[in-house]
Amino acid sequence: MRKEKFCPTSYEEAETHIWADFYSGQVIVETNKKATYDRLLKKLGEPNTKHYVKEKLVGAIWKANFEDKEKVRQILSKTNIIGQAKGKIKESV
């Protein structure tokens, strides 16, 4: 696996979305925040989809079937999504 350069996202534009797709039976998480990307990469492995702008990684999507309870638990984990910080977080670039 080659080391990819993650394009920094400004604090005001950083976002993470989690949704349950009942039609396909999946929990999906999409993020463009580097800290969240790094935590999910460590816990869930490679994302299903990566988003690039000018060859720089800007976000990713992970999907987990409802039956994969451990992966769903990792996606829904507050610690994996927002970290252990209290209050407003400014991530260093």
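The values are calculated or read from the model by the stated rules, or taken from the named source; none is laboratory data. Every value quoted in this text rests on a predicted model; they were computed, and no experiment measured them. Glycine also receives a Cβ, built like all others from the backbone with ideal geometry; neighbour counts cover every protein chain displayed. Ligands, DNA and RNA are excluded from the accessible area calculation, which covers all protein heavy atoms including side chains. Shrake-Rupley method; radii C 1.70, N 1.55, O 1.52, S 1.80 Å.
Just need a number here: residues in segment 38-61 that are under 10 Å from residue 7 (Cβ atoms), open to solvent by 40 Å² or more (accessible area, probe 1.4 Å) and either assigned to a strand (DSSP E or B) or modelled with pLDDT of 95 or more (or both).
Final tally of qualifying residues: 4.
From the residues in segment 62-76 that are modelled with pLDDT of 95 or more and in contact with a helix residue (DSSP H, G or I) (Cβ under 7 Å, 6 or more places away or on another chain), which one is farthest from residue 10 (Cα to Cα)?
66
Go through (1) touching a residue at least 24 places away in the same chain (Cβ under 8 Å); (2) open to solvent by 60 Å² or more (accessible area, probe 1.4 Å) and name the single condition residue 12 misses.
With (1) touching a residue at least 24 places away in the same chain (Cβ under 8 Å); (2) open to solvent by 60 Å² or more (accessible area, probe 1.4 Å) applied to residue 12, the lone miss is (1).
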